[in-house]
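Engineer: Take this structure, written in structure tokens, and hold onto it; I'll ask about it next.
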Amino acid sequence: MADVIPYLDLAAQYRGIKSEIRAAMDRVLDTNAYILGPEVKAFEEAFAAAHDVRHAVAVNSGTSALHLALLALGVGPGDEVITTPFTFIATVAAIGYTGATPVFVDIDPESFTLDPSKIEAAITPKTKVIMPVHLYGQPADMDPILAVAKRHGLHVVEDAAQAHLAEYKGRKVGSFGAIACFSFYPGKNLGAYGEGGAAVTNDDRYAATMRALRDWGQTERYRHAMKGYNYRMDGLQGAVLGVKMPHLDAWTEGRRRVAAAYREQFEPAGVALPKEMPYARHVYHVYAIRVADRAAAQRALQEAGIQTGIHYPIPVHLQEAWAELGYRRGDFPHAEQAADEVLSLPIYAELTDEQVARVASAVVAHTTPVRPGQVRADG
Ligand SMILES: *Cc1c(COP(=O)(O)O)cnc(C)c1O
């Protein structure tokens, strides 16, 4: 039987950069710069430059970045933050950390991101922030989101945890909102060798506030101007990310090459493939098709030696942890249908043409497509 094609292959990426990584880690170990330090600072500068923003504040996870972004904007108990229920739980957790209440708006079924036309109806006098998620690596439709935010005097925070180097209308994500947040969880498009994240902004004050908050609220040593957190990035993670940063463009192109190859096979076969919206440069953190009878499809692919994932099987408004919000099945039909149908295929730069062809033909042979935008009668 042919080799298994893993959903993710971090070892393959490591083989290509091993000596650079070892040298960078040695620099940290030789100088004991374990927390923040010069490697983290250099990475912050490179990451900010790559996204055409003035500041990047490196922290210990994407969730911490989201938390600090909301705090820097003054979000707290009694406030509401509008976001999508079709996201990883961390988006909503970060809102909860501030004491604010998450308020959901359904997705557009073609893009899987926040439907801008539904935001206005969810705004109340308590709304402070709109937090779109650039899900799977495709930017949310930012122009109408920014327009509604402006009309109502709201801030926008981009959850760009899955969208490093993604573009909206030719411009990198990261500066559409007041602050944008990225994750460097190992499996993300830019992954550390442990936890990591960053908040980016063009605003000097937000950057200064987040820098203080990540380090116990210190504005100088042992002077605590605000109640802060231990959210600093490790020196070793900064070193790893600094090595990886110059490769990110090529790795992203590699993901797009795989997506293009899938498209070539899937379009004529009628597979319900993800749509790259006309405004977007998708970076394919996740390549999710829609299938009928997903459990059977996933089993058949597993038998063909192809690992898949599901991002995400339960929308956040139906998660037990957030039952207190009082949402019910049927509240967000597009998110619920997506959660039932999506199936994520392997997508990374190290996949060979032969592996891509194997995945594509197995998908065509073993899955039954469904079409986006057709909400089930029982939905
Ligand atoms: C990964 C992720 C986060 C959280 O990032 P961590 O680094 O794991 O804390 C937040 N939002 C989305 C959409 C994510 O995919």
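Every read-out reported here was derived from the displayed coordinates using simple, explicitly stated rules and does not represent laboratory data. Bear in mind that the values here come from a model prediction, so they are computed numbers and not experimental data. A quick note on method: Cβ atoms are made from the backbone with ideal geometry, for glycine too, and the neighbour counts reach across all protein chains shown.
Engineer: Order by neighbour count: Leu10, Leu325, Leu241, fewest other Cβ atoms within 10 Å first, most last.
Structural biologist: Exposure proxy ranking, most exposed first: Leu10, Leu325, Leu241.
Engineer: Another question, then. Can you list residues whose amide H is under 5 Å from Thr127's amide H, if they're 5+ apart or on another chain and H is modeled 1.01 Å from N?
Structural biologist: Those lying under 5 Å, H to H, from Thr127 are Glu80.
Engineer: Run through region 46-146 and list the GluC sites (Glu not before Pro) located in a DSSP loop whose Cβ has at most 11 other Cβ atoms within 10 Å.
Structural biologist: Taking region 46-146 and a limit of 11 other Cβ atoms within 10 Å, no loop GluC sites (Glu not before Pro) are found.
Engineer: Could I ask something else about it? Could you list the chymotrypsin sites (Phe, Trp or Tyr not before Pro) in region 172-227 that lie in coil according to DSSP, counting only those with at most 13 other Cβ atoms within 10 Å of their Cβ?
Structural biologist: Tyr222
Engineer: With a ≥ b ≥ c the root eigenvalues of the C-alpha gyration tensor of region 115-218, is it rounded (a/c under 1.5), prolate (a/b larger than b/c) or oblate?
Structural biologist: oblate
Engineer: Filter Lys126/Lys188; Lys41/Lys128; Lys41/Lys188; Lys169/Lys275; Lys172/Lys227; Lys18/Lys275 down to the pairs with a C-alpha to C-alpha distance above 24 Å, please.
Structural biologist: Violating the 24 Å limit, Cα to Cα: Lys126/Lys188; Lys41/Lys128; Lys172/Lys227; Lys18/Lys275.
Engineer: Which net charge results when you count Lys and Arg as +1 and Asp and Glu as -1 among the other residues whose beta-carbon is under 13 Å from that of Lys188?
Structural biologist: Value of the local net charge: 0.
Engineer: Let me check I've understood the local charge: for Arg294, count other residues with C-beta under 12 angstrom from its C-beta, Lys and Arg +1, Asp and Glu -1. What total comes out?
Structural biologist: Net of charged neighbours comes to -1.
Engineer: Then there is this: Add -39500 (n - 2.57) for each DSSP H run of 4 or more in the chain, then divide by its residues: what number comes out at 222 nm, to the nearest 500 deg cm²/dmol?
Structural biologist: -12000 deg cm²/dmol
Engineer: Under unit Cβ charges (Lys, Arg +1; Asp, Glu -1), what dipole magnitude, rounded to 20 debye, does the chain have relative to its Cα centre?
Structural biologist: Dipole of the chain, to the nearest 20 debye: 600 debye.
Engineer: Would you list Tyr262, Tyr229 from fewest to most Cβ contacts within 10 Å?
Structural biologist: Fewest to most other Cβ atoms nearby, the residues stand as Tyr229, Tyr262.
Engineer: Sticking with this one: Express the Stokes-Einstein translational diffusion coefficient of the chain in µm² s⁻¹, to the nearest whole number, given a Kirkwood radius over alpha-carbon pairs, 20 °C and a viscosity of 1.002 mPa s.
Structural biologist: Here the translational diffusion coefficient equals 101 µm²/s.
Engineer: Using a 10 Å cut-off around each Cβ, can you sort Met277, Met233 from fewest to most neighbouring Cβ atoms?
Structural biologist: Met277, Met233
Engineer: Per-residue counts of other Cβ atoms within 10 Å, averaged by peptide: what ranking do you get for 59-65, 71-77, highest first?
Structural biologist: 59-65, 71-77
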